[in-house]
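Worksheet: the structure to be examined is printed underneath.
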Amino acid sequence: MANPRSPGTESSAPLRVSGGVFTLSILHLESNNPQQLAQRIAEEHRRHPAAADFHRHAPVVLDLSAIPEEAPLALPEILEVLRAANWFPVGLRNAAPGHQALAQALHLPVLRGQERNAAPQPETPPPAQPVPANPGGLIVDHPIRGGQRSYARGGDLVCLAAVNAGAEIMADGNIHVYGPLRGRALAGVNGQETARIFCMSLEAELVSVAGLYRTLEPGYPLWGKAAQIYSRDEQLHITALNI
C-alpha cells in the first residue's frame, strides 16, 4: 500500500537553470565623479535624442579600466545617476579588488572581461573581408519610412532603397543598405560581434554593432560616403568602403 504523503511533501518541478548569451551595452567610466557623469549623459541625450531612446531601459555594464585602483569610487551615487537616466546597471568589469568588494556589498555582479593591465591592441583596422550572408535573412525592396522598423531575425538585412530619418533597421547578422542610411541601424543585436553594417551613403542618427553604438551628425568625416561599421577590441570602428 502506498504511503500517504505528509503535508508539505508534495512534489514540485525542479528549478530549471540554463545558459544564455545577451547583448549588453558597456559604459567605459572615465571618471569616478557622479556629477560629471550625469552632466555627460544629459549632454549626450540633449544633442542626440536617438541615443536617449537607445539607452532607455537598457542594461549596461560599467567598465572601470580607467579608474585607478587606489581611487575611491562613489559607486552608489554612480548607480543612482544611471538609474535616473533610465539605464539599468547590471554589473562591473575590469574592477580593482577594492572596487569589486564595494560592488558585491551593493549586490552588483562582477563580470569577467579584458584584464585591467592588458596591452592595448593596435588601432589600425583590418582590411575589409567578404562577409557571408546568414541564412534566414530579410530583403526589403522599398524605402523604409520614418517611424517604421524592419528586423531580420536570425540573419542579414538587405535594404535595396533608402532608410529614411526616424526609421529603425535591425538584424541578428549584417546590414546592407544600397542607398542612403538615415535613421538608426543596429546589427548583431543577438550579440554577434562579427556582424557589420555596409551602406552606400552614411547619414545615420545612430549605428550599433553587438551593443556598441555611436551617434553621428553631418560634420562626421565619412558623412554621405560609402562606409562600413564593425566592432573590434570592444570598440566601434567606421571606415570607408572602397567600391
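The values are calculated or read from the model by the stated rules, or taken from the named source; none is laboratory data. This one's a predicted model, so the numbers in the text were calculated from it and none came from an experiment. Positions of Cβ are generated from backbone atoms using ideal geometry, with glycine treated the same way; all protein chains shown enter the neighbour counts. Side chains included, ligands, DNA and RNA excluded: accessible areas come from the protein's heavy atoms. Shrake-Rupley method; radii C 1.70, N 1.55, O 1.52, S 1.80 Å.
For this structure, a couple of remarks:
- Two-site FRET efficiency, Ala96 against Leu15, from Cβ-Cβ distance with R₀ of 51 Å, rounded to 0.05: 0.90
- The listed residues Trp87, Trp223, once ranked by accessible area (1.4 Å probe) with the largest placed first, stand as Trp223, Trp87.
- Within the accessible surface of the range 132-243, defined with a 1.4 Å probe on protein heavy atoms only, the carbon and sulfur portion equals 51 percent.
- Take Glu203: with every protein chain present and a 1.4 Å probe, its accessible area is about 40 Å².
- For the range 145-239, the per residue solvent-accessible surface stands at 38 Å², with DNA, RNA and ligands left out and a 1.4 Å probe.
- Checking every one of the trypsin sites (Lys or Arg not before Pro) in the range 134-243 against DSSP loop status and a limit of 16 other Cβ atoms within 10 Å picks out Arg145, Arg153, Lys225.
- If R0 equals 22 Å, the separation of the Cβ atoms of Asn86 and Asn33 corresponds to a calculated FRET efficiency of about 0.60.
- Area accessible to solvent at Tyr178, 1.4 Å probe radius, in Å²: 130
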